[in-house]
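Asks: Supplied in structure tokens, the structure appears directly below.
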Amino acid sequence: MGYSDVYAAWAADPEGWWMDQARAIHWDRFPEIALSHDGTTWFPDGLTNTCHNAVDRHADGGRATQAALIHDSPVTGTKETITYAELKDRCARLAGALRARGVEKGDRVVIYMPMVPEAIVAMLACTRIGAIHSVVFGGFAASELASRIDDATPKAVIAGSCGIEPGRIVAYKPLLDEAIEQATHKPEFCIVFQREQGPADLVEGRDVEWHAAQEGVAPADCLPVEGDHPCYILYTSGTTGQPKGVVRPTGGHLVALNWTMKAVYNVDPGEVFWAASDVGWVVGHSYICYAPLIHGNTSVVFEGKPVGTPDPSTFWRVIAEHGVKSFFTAPTAFRAIRKEDPQATFLEGHDISCLRALYLAGERADPDTITWAEGVMGVPVYDHWWQTESGWPMVANPTGIEALPVKIGSPTVAMPGYEVHVLDEAGAEMARGELGSIAVKLPLPPGTLPTLWQADDRYRAAYLERFDGYYNTGDAGMMDEDGYLWIMSRTDDVINVAGHRLSTGLMEEVLATHPDVAECAVIGVKDPLKGQLPMGFVTLQKGTGTSHEDIAAACVRLVRDKIGPVAAFKHCVVVERLPKTRSGKILRKTMAQIADGEAVKTPATIDDPAILEEIGGRIGTLGYPK
Ligand code: COA
Ligand code: AMP
């Protein structure tokens, strides 16, 4: 069967089609209902366990000695292979330690860890006992961690003592201590994984060391949970400063992710798969941890960067050394390699003939990067499009079913489960080739979000109310005559920096707290390496004595301290006024057009067109447009 037959089979009977896919998963009670009556969750009456499907069934079913995880860490100079049998043992022991300290089904556990296998063990151990994990990316600052702790109200936190960035050790534990101090909700205990590169001081009575926590504790078995029981919450950026807690139910997650490993990534069980991302992002959840393990693959857990750890040969080495068959990363990573090694001389001596294909997602894949990667690697490069909310590819090239012709710049076609539409302002279908908002006809397929954590109204307002009967993706684009989708931009204030999704609204909220700042605006500007970078504009309160340079520098520090280094907020200027419409709306889009060097049509509603010239001049001092 080719792609169109598979898509047609799904479209003819979506619930029956997903019930068939559900048979590839182990159920303690096979579901009788595919989709809940309200159309929000899948397999609600099934009983299953994520850790059992990802670990135990392979460990006990012929894959005991197969590598489940390969940790390759150029930043520490270490490598470790963990078999399925060992992974089962580690998960069961940590799950036992959590349970012994009172963590039960439905309790939340926040995980704040670097790219070590223990992060994966922590995630799986939670699902083993039905606890709901929420992983927070290590590049976020204490206050972001605090806001997630307050929203998820975890019983426990599992943290690493430190992360390792090129040239510096990032002490995680002081950030955790500060976050708990700031948060209104206090977790009952913290389990701390000590790393020799930066051990942490433990708070007596609250913190317990990783191994000590497991001593003398009975390992925990897998607890079957309902198909709609949340497996995890993952916070992502929205328009406002408050992050959105995407909820991922257990049953649909297992079924959908398992299906994608062959259909999209074209790997068979037993083969090595590598997603170079971080467990703090959805790519890390779905394609470092869950999908490869559920499918019985070997997953590479990489702690390093594409360049500088130690040089641009690292990706080639990892692919060759571990026999990677399918490789997934963000386009930024390849732009970074190309910038340092345009002729790919660092590829010499690394036999990457094991690799079948490269998959790119997380941000727009620019044609130059795709062509370069294809040229140097000698394998097809497939762009695909999805988001935290979907949890798995919405639009992709279904290479494991049928490799469709690649149109460079398009992530290809809708996957079964997704009826993708391009709509105009009023919700009417746009003609092929015309730009509009990208929306998915409800119901969403298994594995996607049914709601936001304890914020159902916000979920509806953010995603469902814009177009009746559709999920609004927040992206704009068009569909061509062949049904290929083309992603153009976001329709909200979310920007994408080095494949990381960030909220300019949050940055504005932080800037507004500076005592000298009267008004501010943050925009995303095009950047040749990271795709986009944030740029801030502030106006000052009257009578401020401090120099403009000092205030701008203080604003940069403030965003780093409050949001974290991952915000990559390094450009900030003081301006006399911000360009606004006569009704007072800041013209962020016009400012972004100026910064990107696009032709700017002065909006008819602008209150004072002369401001645009000042803004253009200030952007010029920052070296933009690039
Ligand atoms: N813990 C603490 N700090 C972190 C961190 C973590 N887990 N991850 C990143 N940071 C810091 C970085 O050290 C950097 O700090 P700096 O301002 O002091 O230099 C800052 O956050 C910005 O990080 P990033 O935007 O990733 O820039 P970078 O210069 O460190 O690396 C790339 C640039 C392109 C090499 C890197 O972003 C990359 O490999 N990206 C593509 C792959 C990817 O992970 N995509 C994610 C989604 S698929
Ligand atoms: P995240 O939720 O962090 O995975 O970010 C999802 C967002 O990244 C999407 O809504 C898009 O804006 C963008 N994105 C992801 N994949 C692609 C792609 N292949 N092409 C263009 N943009 C993408």
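The values are calculated or read from the model by the stated rules, or taken from the named source; none is laboratory data. Just so you know, these numbers come straight off a predicted model, no measurement behind them. Cβ atoms come from the backbone with ideal geometry, glycine included; neighbour counts cover every protein chain shown.
Asks: Identify, by number, the condition in (1) farther than 17 Å from residue 520 by Cβ; (2) within 16 Å of ligand 1 (Cβ to nearest atom); (3) of a type in the set (Lys, Arg) that residue 601 doesn't meet.
Replies: (2)
Asks: In this structure, is residue 464 farther than 15 Å from residue 39 by Cα, over 19 Å from the mean Cα position of the chain (by Cα) and not small (Gly, Ala, Ser)?
Replies: In short, no.
Asks: Which of the residues that make up segment 530-545 are surrounded by 14 or more Cβ atoms within 10 Å (Cβ to Cβ) and either without any contact (Cβ under 8 Å) to a residue 12 or more places away in the chain or on the phi < 0 side of the Ramachandran plot (or both)?
Replies: Within segment 530-545, 530, 532, 533, 534, 535, 536, 537, 538, 539, 540, 544 meet the criteria.
Asks: Please state which one of 550, 480, 492, 527 is over 19 Å from residue 567 (Cα atoms), of a type in the set (Asp, Glu) and within 16 Å of ligand 2 (Cβ to nearest atom).
Replies: 480
Asks: Pick from 533, 502: which is within 15 Å of ligand 1 (Cβ to nearest atom), touching a Pro at 6+ places or on another chain (Cβ under 9 Å) and either part of a loop (DSSP other than H, G, I, E, B) or not basic (Lys, Arg) (or both)?
Replies: The match here is 502.
Asks: Only residues that are assigned to a loop (DSSP other than H, G, I, E, B) and without any contact (Cβ under 8 Å) to a residue 60 or more places away in the chain: list them for segment 445-468, please.
Replies: 465, 466, 467, 468
Asks: From the residues in segment 283-315 that are within 16 Å of ligand 2 (Cβ to nearest atom) and surrounded by fewer than 24 Cβ atoms within 10 Å (Cβ to Cβ), which one is nearest to residue 61 (Cα to Cα)?
Replies: Here the answer is 284.
Asks: A follow-up question, please. Looking at (1) free of Cβ contacts under 8 Å to residues at least 60 places away in the same chain; (2) within 15 Å of ligand 1 (Cβ to nearest atom); (3) not in a loop (DSSP other than H, G, I, E, B), which is the only condition residue 365 fails?
Replies: All conditions are met except number (3).
Asks: Could you run through segment 582-616 and say how many residues are exposed (fewer than 12 other Cβ atoms within 10 Å of the Cβ), on the phi < 0 side of the Ramachandran plot and not charged (D, E, K, R)?
Replies: 7
Asks: From the list 463, 459, pick out the single residue that is in contact with an Asp or Glu (Cβ under 8 Å, 6 or more places away or on another chain), closer than 14 Å to residue 244 by Cβ and among the hydroxyl-bearing types (Ser, Thr, Tyr).
Replies: Every option except 463 fails the conditions.
Asks: Please tell me if residue 472 is out of contact with any helix residue (DSSP H, G or I) (no Cβ under 7 Å at 6 or more places or on another chain) and part of a strand (DSSP E or B).
Replies: So residue 472 does not fit the description; no.
Asks: Follow-up question, since we're still on this one. For segment 22-44, which positions are surrounded by 14 or more Cβ atoms within 10 Å (Cβ to Cβ) and among the small types (Gly, Ala, Ser)?
Replies: If the condition is that a residue be surrounded by 14 or more Cβ atoms within 10 Å (Cβ to Cβ) and among the small types (Gly, Ala, Ser), then 22, 24, 34, 36 are the ones that fit.
Asks: What single numbered condition from (1) farther than 18 Å from residue 366 by Cβ; (2) of a type in the set (D, E, K, R); (3) away from ligand 2 (no atom under 16 Å from the Cβ) fails to hold for residue 278?
Replies: Failing condition for residue 278: (3).
Asks: Taking the residues in segment 153-184 that are hydroxyl-bearing (Ser, Thr, Tyr) and part of a loop (DSSP other than H, G, I, E, B) as candidates, determine which candidate is surrounded by the fewest Cβ atoms within 10 Å (Cβ to Cβ).
Replies: Among those that are hydroxyl-bearing (Ser, Thr, Tyr) and part of a loop (DSSP other than H, G, I, E, B), it is 184.
Asks: Let me ask something else about it. I'd like to verify a number: residues in segment 105-142 that are within 15 Å of ligand 1 (Cβ to nearest atom) and assigned to a loop (DSSP other than H, G, I, E, B), how many?
Replies: Result for segment 105-142: 10.
Asks: Here's a follow-up. Sort out which residues of segment 599-611 are in contact (Cβ under 8 Å) with a residue 12 or more places away in the chain and either of a type in the set (Asp, Glu) or in a loop (DSSP other than H, G, I, E, B) (or both), and write them in order of number.
Replies: Hits for segment 599-611 are 600, 602, 603, 605, 607, 608.
Asks: Give, as residue ranges, the strands (runs of 3 or more DSSP E) completely inside segment 185-238 that count at least 1 residues that are closer than 14 Å to residue 101 by Cα.
Replies: Where strands (runs of 3 or more DSSP E) fall fully within segment 185-238 and carry at least 1 residues being closer than 14 Å to residue 101 by Cα, they are 189-193, 207-209.
Asks: Residue under question is residue 499, and the condition is that it be within 16 Å of ligand 2 (Cβ to nearest atom) and in contact with a helix residue (DSSP H, G or I) (Cβ under 9 Å, 6 or more places away or on another chain); does it hold?
Replies: yes
Asks: Any residue at all in segment 150-169 that's under 19 Å from the mean Cα position of the chain (by Cα) and within 16 Å of ligand 2 (Cβ to nearest atom)?
Replies: For segment 150-169, residues under 19 Å from the mean Cα position of the chain (by Cα) and within 16 Å of ligand 2 (Cβ to nearest atom): absent.
Asks: Of the residues in segment 325-362, how many are in contact (Cβ under 8 Å) with a residue 60 or more places away in the chain, charged (D, E, K, R) and away from ligand 1 (no atom under 16 Å from the Cβ)?
Replies: 1
Asks: Considering only segment 45-62, state which residues are surrounded by fewer than 22 Cβ atoms within 10 Å (Cβ to Cβ) and in a loop (DSSP other than H, G, I, E, B).
Replies: Matches in segment 45-62: 45, 60, 61, 62.
Asks: Would you mind telling me which numbered condition in (1) out of contact with any Pro (no Cβ under 8 Å at 6 or more places or on another chain); (2) within 23 Å of residue 579 (Cβ to Cβ); (3) free of Cβ contacts under 8 Å to residues at least 40 places away in the same chain residue 553 fails?
Replies: Answer for residue 553: the failing condition is (2).
Asks: Also: Where the second residue is surrounded by fewer than 20 Cβ atoms within 10 Å (Cβ to Cβ) and modelled with pLDDT of 95 or more and the first is of a type in the set (D, E, K, R) and lies in segment 210-227, which pairs have Cβ atoms under 8 Å and are six or more apart or on separate chains?
Replies: As it stands, the answer is 226/45; 226/47, since those pairs meet every condition given.
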